Structure formats: C-alpha cells, structure tokens
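The values are calculated or read from the model by the stated rules, or taken from the named source; none is laboratory data. Since the model is a prediction, treat every value here as computed from it, not as a measurement. Glycine gets a Cβ as well: all are built from the backbone with ideal geometry, and neighbour counts include every protein chain shown.
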C-alpha cells in the first residue's frame with residue numbers, strides 16, 4: 001500500500017516538474033529572447049497600433065486649441081510610422097533583455113531622434129520636448145534592475161536542474177512501481193502532462209474570445225486602446241500557442257507509444273509467478 005502511494009506521489013511530482021520545466025524553457029526562448037519577442041509583437045501588429053495611438057498620447061496633455069491639436073496629430077501620424085515604432089521596440093527589447101540575461105550593458109531607451117522626426121514633418125516641438133528626449137532614459141540608474149538579472153541567473157539554473165530532476169524522479173518511479181505496471185505508471189506522466197498543456201492551449205485560444213470585451217474595458221485610458229490590447233493578446237498567443245500544442249501532442253504521442261509497447265508485451269515485466277512459454281510447452285507434453 002505504501003509503495004503504491006509513493007508511486008502516485010512520484011507520478012504527480014514528475015508531471016509537475018515536467019510541465020513547469022517546459023514552461024520555464026518556453027519563457028526563456030520566447031519572452032526573454034529579444035528577436036522572438038519583437039518578432040511576435042511585429043506579426044501581431046503591436047507596432048501599428050502604437051503608431052496610431054502615439055499622436056493621441058503626445059497631444060493628450062498639450063494646452064492647445066482643438067484645431068491645433070488636430071494639425072499636430074496629423075503631422076505626428078506622418079512622422080511616427082509603424083516602421084519607426086517597430087525599430088524602437090526592437091532596440092528597447094534588445095537593450096532590456098540583453099541586460100536581464102548578461103547583466104550588461106545598462107539598459108536604456110533612446111528616443112533622441114523623436115523630436116527630429118517630428119520637426120522633419122513640420123511639427124513645432126518646442127525646446128521642452130527637445131530637452132525631454134535629448135538624453136537616453138536610463139532604466140537602471142538606481143540599480144533596481146540588478147535584482148532582475150540575479151533572478152534570471154537563478155531561473156536559468158532552475159530550468160536546467162528541472163531536466164535532471166525529472167529524469168531522477170522517473171528513474172526512482174521505475175524501481176518503485178510494481179512489476180508488470182512500470183510502463184503503465186510512466187505513461188501516465190506523459191498522459192497527464194499532455195492533457196494539461198492541451199487544456200492550456202485551448203484556454204489560450206478561447207479565453208480572449210470569451211473575455212475579450214471585459215479585458216478591453218478594463219484598460220482605462222484617455223484614448224481608445226482596444227486595438228492595442230487585441231494586438232498584445234494576439235502576440236501572447238503567437239508566443240505560446242504553437243509551443244503548447246507541440247508539447248501536448250508530443251507527450252500524448254509518448255504515452256501512446258508506451259501504451260502500445262505495454263499492450264504488446266502484456267505489461268512491461270511479467271510477474272515471476274506467471275507461466276512462461278517453456279512451462280506451457282512442458283505441460284502440453
């Protein structure tokens with residue numbers, strides 16, 4: 001009885017370690033990888049949505065007449081294009097995520113060319129805007145982001161250790177499980193992990209459709225940001241959906257293979273009391 005309970009505990013622990021380790025590797029490969037992150041943001045249209053909102057953001061606090069704001073909005077729309085925003089997103093993600101991974105160089109947001117971009121399209125920016133964007137914004141001026149880099153180092157070690165921990169748990173489970181039931185117990189690990197990520201994949205696809213209106217209404221702003229919210233949700237789906245589905249199918253495939261082997265062998269290891277082919281032949285004689 002105790003051996004069976006230990007086996008169930010090991011199976012639950014193996015499922016948790018497998019799914020958690022895969023999720024950490026996915027985060028590292030998709031969210032914390034500058035090229036992957038900026039690529040998904042671009043494909044989802046985040047740059048386009050930000051570019052369309054930029055005129056409203058810039059003129060929101062301007063003390064000017066409606067006609068002046070409208071003229072400024074049109075000129076900013078011509079200057080701040082989706083390509084310009086995309087280049088800035090790539091530069092910012094590269095700067096921040098490189099620091100998170102390596103701890104250097106210090107992350108900055110450089111918008112020094114933004115006033116020049118506006119001036120080229122006839123926008124009278126004024127000295128205050130020039131001063132505001134003249135120097136790169138230092139994101140780690142007080143060293144607050146150093147903890148994030150230190151946290152990433154721990155995160156990196158944990159995601160690697162997860163692979164070895166999963167292998168160790170599976171090895172222990174092989175010796176703990178009863179003879180004839182070893183493959184069945186191991187196959188459950190991949191079955192449960194596959195079902196879990198299949199549900200995550202379904203939720204990732206269906207949830208925005210069901211809760212989309214509520215999510216958009218929860219974003220409070222002086223301008224309509226619903227398009228940006230939809231683009232961000234689409235980017236999140238792009239970063240995770242395919243990975244979740246492939247992992248689910250792979251785990252279910254492994255579980256199916258183990259099931260076929262188990263069925264073919266009538267269990268994995270026949271009990272010592274089970275009649276062998278030699279014994280059956282002797283009885284027949």
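With at pLDDT below 90, buried (at least 16 other Cβ atoms within 10 Å of the Cβ) and more than 22 Å from residue 24 (Cα to Cα) as the only criterion, which of 119, 129, 137 stands out? Full working, then the answer.
Numbers: 119 fails: buried (at least 16 other Cβ atoms within 10 Å of the Cβ); 137 fails: buried (at least 16 other Cβ atoms within 10 Å of the Cβ).
Criteria check complete, one pass: 129.
Table: residues versus (1) within 15 Å of residue 177 (Cβ to Cβ); (2) touching a strand residue (DSSP E or B) at 6+ places or on another chain (Cβ under 9 Å); (3) at pLDDT 90 or above; (4) in a helix (DSSP H, G or I).
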{"residue": "246", "(1), (2), (3), (4)": "no, no, yes, yes"}
{"residue": "249", "(1), (2), (3), (4)": "no, no, yes, yes"}
{"residue": "254", "(1), (2), (3), (4)": "no, no, yes, yes"}
{"residue": "262", "(1), (2), (3), (4)": "yes, no, no, yes"}
{"residue": "267", "(1), (2), (3), (4)": "yes, no, no, no"}
{"residue": "270", "(1), (2), (3), (4)": "yes, no, no, no"}
{"residue": "273", "(1), (2), (3), (4)": "no, no, no, no"}
{"residue": "278", "(1), (2), (3), (4)": "no, no, no, yes"}
{"residue": "281", "(1), (2), (3), (4)": "no, no, no, yes"}
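The sole residue among 199, 215 that is modelled with pLDDT under 75, within 29 Å of residue 23 (Cα to Cα), under 25 Å from the mean Cα position of the chain (by Cα) and in a helix (DSSP H, G or I) is 215. If the condition is being surrounded by fewer than 18 Cβ atoms within 10 Å (Cβ to Cβ) and closer than 19 Å to residue 251 by Cα, then the range 1-18 contributes 8, 12, 13, 16. Filter the range 142-164 for residues that are free of Cβ contacts under 8 Å to residues at least 24 places away in the same chain and not in a helix (DSSP H, G or I); which is nearest to the chain's Cα centre (by Cα)? This residue is 144. Give the number of residues within the range 193-216 that are touching a residue at least 60 places away in the same chain (Cβ under 8 Å) and over 16 Å from residue 237 (Cβ atoms). Summing the residues that are touching a residue at least 60 places away in the same chain (Cβ under 8 Å) and over 16 Å from residue 237 (Cβ atoms) in the range 193-216 gives 3. Do we have any residue at all in the range 180-189 that's outside any helix (DSSP H, G or I), surrounded by 15 or more Cβ atoms within 10 Å (Cβ to Cβ) and modelled with pLDDT under 95? Taking every residue of the range 180-189 in turn, at least one turns out to be outside any helix (DSSP H, G or I), surrounded by 15 or more Cβ atoms within 10 Å (Cβ to Cβ) and modelled with pLDDT under 95.
When residue 100 is tested against (1) modelled with pLDDT under 90; (2) surrounded by 16 or more Cβ atoms within 10 Å (Cβ to Cβ); (3) part of a helix (DSSP H, G or I), just one condition goes unmet, and that condition is (1). Screening residue 106 against (1) in contact with a helix residue (DSSP H, G or I) (Cβ under 7 Å, 6 or more places away or on another chain); (2) part of a helix (DSSP H, G or I); (3) surrounded by fewer than 16 Cβ atoms within 10 Å (Cβ to Cβ); (4) modelled with pLDDT of 85 or more leaves a single unmet condition, (2).
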